Structures are given as C-alpha cells and as structure tokens.
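Only one structure is covered here, and it is reproduced in the block below.
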Amino acid sequence: MRKYKPLQSHLERRQGRPEMLTFEDIEAIIGKQLPKSAVVHRAFWANDNEGYHSHARSWMGAGYRVAYVDREEKVVRFERTR
C-alpha cells in the first residue's frame, strides 16, 4: 500500500469533503503513474479492500469510496463513506 499511502493522506486531509480528481492529479499525489489497468478495467476502481487491492485500501482507509469514474475522461470522484 506504500505506493498509494499519499492518496490516503490526501483524502484524510479533505476531512470528508468529496473530491473529483483526474488520473493525472492522482499520479501527482502518489508520485508515480497509475497502472494501465486503471484506464482499461473498471474493476480497478471497485471499492474492494480485499486481496491485492492496495489502491482501494488507500481510499477506503481514509473513509472514502469511489462514487463515480469515467475512464475515457480519466476522472474519479471520491465521496465519504462514514
């Protein structure tokens, strides 16, 4: 999860406010490129913290969920779960 820890920290600082981020924004936050699966597979953005989904554990650990994703426009909206 280390790769996505900066995303978790970023969302924690939002204090529950929803946020729309571009994939480029997320890459700037984490300091690395997102994998191709972020664009190719909708499942990458699933709110699933089981198994190998360290990226999902980062936003879910901050108390957020992916409420909307558009892989063509490369945007994702995070909303508070708690």
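Annotations
- The alpha carbon centroids of the stretch 5-29 and the stretch 32-81 are separated by 11 Å.
- For the stretch 1-69, trypsin sites (Lys or Arg not before Pro) are listed when DSSP marks them as loop and at most 13 other Cβ atoms sit within 10 Å of their Cβ; the list is Lys32, Lys36.
- Cleavage-rule hits, GluC sites (Glu not before Pro), the stretch 1-80, DSSP coil, Cβ neighbours within 10 Å at most 14: Glu50, Glu72, Glu73
- Full-extension gain in nm, Glu73 to Arg2, via 0.36 nm per residue minus C-alpha separation: 22.9 nm
Every number in this text was worked out from the coordinates using simple rules, so none of it is lab data. Since we're looking at a predicted model, the values are computed, not measured. Note: ideal-geometry Cβ built from the backbone for every residue, glycine included; neighbour counts use all protein chains shown.
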